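Below is one structure, written out as C-alpha cells, with a few remarks after it.
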Protein chains: 2
Amino acid sequence: MQAAVVSVPVAMASEAERPAKLRRVTTADAIFDRLYADILALRMPPGMPLQEKRIAEEFNVSRTPVREALLRLSEGGLVDIYPQSGTVVSRVPVSAIPEAVVVRKSLEGTTVERAAEIATPADIGRLDAIISRQRSLAALGDTSAFHEEDEAFHEAISGIAGYPGIWTILRTVKVQIDRARRLTLPVLGRMDNVVHEHGLIRDAIAAHDADAARAAMMHHLSAVIPDVAELRTQYPDYFC
Amino acid sequence: MQAAVVSVPVAMASEAERPAKLRRVTTADAIFDRLYADILALRMPPGMPLQEKRIAEEFNVSRTPVREALLRLSEGGLVDIYPQSGTVVSRVPVSAIPEAVVVRKSLEGTTVERAAEIATPADIGRLDAIISRQRSLAALGDTSAFHEEDEAFHEAISGIAGYPGIWTILRTVKVQIDRARRLTLPVLGRMDNVVHEHGLIRDAIAAHDADAARAAMMHHLSAVIPDVAELRTQYPDYFC
DNA sequence: CGCAATAAATTGATATACTAGTATTCACGA
DNA sequence: TCGTGAATACTAGTATATCAATTTATTGCG
C-alpha cells in the first residue's frame, strides 16, 4: 500500500545515537539500498511490476530479506504492495507533490534561518566546497552526481542549524519530488541556476541574515517545483 | 490464529485508502498496533528488553509478523534492534526532543495558518466537537482518552488545511515528545489549560486570522514542552 | 458472446533449521 | 583476589519449504 501522500518519515535520532554499536549492514539493507537507488534513478520506472520471488532469485537470496526491503520501500511510498496480487513501483502521486513542497518550505525555511544565526566560518567553507563541486559537475553535465551534491548542500544546512533529524524527514519527503524532477533536470541551464541560487543562500547565511536566507531558500524551492501538468502529458504512465 | 481475533484499535490514524484496493489488516499490523500502544502508554517502559521469540509465543503467531512489526517500530524510533544481540524499547532521546518541538512548530505553524485561511463553518464545528469532548474528559480525569482527542484536534487542523500528509509526519515526530509528556500529563490543571489553548486556536481559525492562529499554536506548543531536565532526574532509566 | 467454474500467480504466514555475531559464565592462571 | 580468555548460551538474520488466502487470468460451456 502507499500512504498516497507524503510518506512516513523515519524517526529522527534512530540512527544518530546508535551507541557506537554500529548496525551492521544486513542483506535486507543492501537489497533496500539497491532497489531505492534503482527506483529513484528511474531504472525501475513507476508502474513496473516487482515480485519477491524474482528479486530473490536475482540477488541469490531468500524471500525474507527481499520482503523486508519491499516493506520498507512501501512505507516510504516507493512501491505499492497489493496483497495476494502483486507489487509495483509506485506511480508518483501528483496530488501529493504540492504538499511535499509545502513541507520543504516550512522545514527548510526554519532550518536556514537557524543556520544563518549560528553558522561558523568553517560551516560556510563546507557550503562553498559543495557549491564549487556543483559548479564543476554542472559544467560536465553530470546530472546524477550533481543531484547528490544538491542533497549534500541541503543536508549541510540542516547540520549547521543543529537539526540533523530534520534532514531525515526532508529526505523522505523529497523523494517523490525528486522522482519527478529527474525527468526535468536535464533542462539546459537549470543546473547553473541551482548553483547560483545556492550561492545566494550561502551568502545570506554567511552574512547572518536570517530573513534573506529564508527568502533565498523560498525562491530556490519554488524554482525547483516540477511542472506536473506537463510531465503528466509527457509521461502519463509515471503519475497518478 | 488467535492473535488476529485480539481486537486492537487499528485506526490509530486515518488509513485513507484508495477505494479500489483496500488493504486488509494483517497479523503484523495487529502486533504493531498493540506494541505501539503499549510502548506509548509506558506499559512497556524504555529500556525493557523484547524478544521476537517470546512475543511470538505470547501472541501465538510465528516470528515473521512479529519481526515485521519490530522493524517498523525500529524505523519509528520506538525500539532499538541490536543484531545478534537483542531488542529493547528505546530510551527517549532527550537531545532530540528540542528538535522535535522545532519540527512541530514549523509544520503546525504552517498548517494552522493555511487552515485559518480556508476553514469552513463545518470545519469549525468539527473542532468544537473535539474541544467539547476534551472538556468532558478533562473533568473526568481520563488522561488516555484526552490524549486521543488531543491528537484528533491537531489532525483535524491538518485536514482542514488540506495537508493530511503533514499529520503523518507530525504523528511520527510527536511520539517521542508524547512518551515524555505521558509522565507529566497528570499534572493538575494541565488538561484544562490544553482545552483553553485549543479554544484560542479554534477562535483564531474561525476568525480567519492566520497570524493569531499561528501565535496561539506557538504558545500552545511551547506550553507542552516536557521539562526534560526534571524528567531525567526523576526517571533516569527512561532517557538517554 | 456472456459468464461461471477453474487454474495460475502472488503475497501473507507458519514452521524449522541453521548462521553469525553478542554477551555471559566460569574455570584458570598470574 | 583479580582479571583474562575460552567455552557456552543467547538473539537476531537468513534460508527453505510449505501452506493459506486472495486476486487475476484462463478455460470451457451454455
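The values are calculated or read from the model by the stated rules, or taken from the named source; none is laboratory data. Predicted model only: the values in this text are computed from it and were never measured. Using ideal geometry, Cβ is built from the backbone for each residue, glycine included, and neighbour counts are taken over all protein chains shown. Surface areas here come from the heavy atoms of the whole protein model, side chains and all, with no ligands, DNA or RNA. Shrake-Rupley method; radii C 1.70, N 1.55, O 1.52, S 1.80 Å.
Out of the residues in region B:78-95 that are in contact with a Ser or Thr (Cβ under 7 Å, 6 or more places away or on another chain) and open to solvent by less than 10 Å² (accessible area, probe 1.4 Å), state the one that is nearest to DNA strand D (Cβ to nearest atom).
Looking at residues that are in contact with a Ser or Thr (Cβ under 7 Å, 6 or more places away or on another chain) and open to solvent by less than 10 Å² (accessible area, probe 1.4 Å), I get B:VAL79.
Would you mind stating whether A:ILE169 is within 14 Å of chain B (Cβ to nearest Cβ) and surrounded by 20 or more Cβ atoms within 10 Å (Cβ to Cβ)? Break it down into steps so the answer makes sense when it comes.
Details: within 14 Å of chain B (Cβ to nearest Cβ): yes; surrounded by 20 or more Cβ atoms within 10 Å (Cβ to Cβ): yes.
Yes; evaluated as a whole, the condition is true for this residue.
Residue-by-condition table, conditions (1) under 19 Å from the mean Cα position of the chain (by Cα); (2) in contact (Cβ under 8 Å) with a residue 40 or more places away in the chain; (3) not assigned by TED's automatic domain parsing to the domain that holds A:HIS220:
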site: A:PHE59; (1), (2), (3): no, no, yes
site: A:GLU68; (1), (2), (3): no, yes, yes
site: A:LEU73; (1), (2), (3): yes, yes, yes
site: A:GLY77; (1), (2), (3): yes, yes, yes
site: A:ASP80; (1), (2), (3): yes, yes, yes
site: A:GLN84; (1), (2), (3): no, no, yes
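Output the number of the condition that A:PRO98 fails; it satisfies all remaining conditions of (1) at pLDDT 95 or above; (2) out of contact with any helix residue (DSSP H, G or I) (no Cβ under 7 Å at 6 or more places or on another chain); (3) more than 16 Å from DNA strand D (Cβ to nearest atom).
(1)
Kindly establish whether B:ALA145 is surrounded by fewer than 16 Cβ atoms within 10 Å (Cβ to Cβ) and within 22 Å of B:ASP33 (Cβ to Cβ). Can you show your working first?
Numbers: surrounded by fewer than 16 Cβ atoms within 10 Å (Cβ to Cβ): yes; within 22 Å of B:ASP33 (Cβ to Cβ): yes.
Yes, satisfied.
Answer yes or no as to whether A:ALA100 is more than 25 Å from B:VAL94 (Cα to Cα), within 14 Å of another protein chain (Cβ to nearest Cβ) and open to solvent by less than 20 Å² (accessible area, probe 1.4 Å).
Values: more than 25 Å from B:VAL94 (Cα to Cα): yes; within 14 Å of another protein chain (Cβ to nearest Cβ): yes; open to solvent by less than 20 Å² (accessible area, probe 1.4 Å): yes.
The answer is yes for A:ALA100.
Are there any pairs with C-beta distances below 8 angstrom linking a residue in region A:191-205 that is farther than 18 Å from A:GLU117 by Cβ and at pLDDT below 95 to a residue that is open to solvent by 20 Å² or more (accessible area, probe 1.4 Å) and of a type in the set (Ser, Thr, Tyr), with the two at least 6 apart or on different chains, and if so which?
If the second residue must be open to solvent by 20 Å² or more (accessible area, probe 1.4 Å) and of a type in the set (Ser, Thr, Tyr), the pairs left are A:MET191/A:THR143.
State the number of residues belonging to region B:8-38 that are within 13 Å of chain A (Cβ to nearest Cβ) and at pLDDT 95 or above. Steps first, answer last, please.
Taking region B:8-38 and keeping what is within 13 Å of chain A (Cβ to nearest Cβ), we get B:12-29, B:32, B:36.
Restricting the remaining residues to those that are at pLDDT 95 or above gives B:32, B:36.
Residues in region B:8-38 being within 13 Å of chain A (Cβ to nearest Cβ) and at pLDDT 95 or above: 2 in total.
Which members of region B:45-75 meet the condition of being open to solvent by less than 20 Å² (accessible area, probe 1.4 Å), away from DNA strand C (no atom under 12 Å from the Cβ) and of a type in the set (A, V, I, L, M, F, W, C)?
B:LEU50, B:LEU70, B:LEU73
Could you check, for region A:89-97, whether at least one of its residues is hydroxyl-bearing (Ser, Thr, Tyr) and within 13 Å of chain B (Cβ to nearest Cβ)?
Going residue by residue through region A:89-97, those that are hydroxyl-bearing (Ser, Thr, Tyr) are A:90, A:95.
From what's left, within 13 Å of chain B (Cβ to nearest Cβ): A:90, A:95.
Within region A:89-97, one or more residues are hydroxyl-bearing (Ser, Thr, Tyr) and within 13 Å of chain B (Cβ to nearest Cβ).
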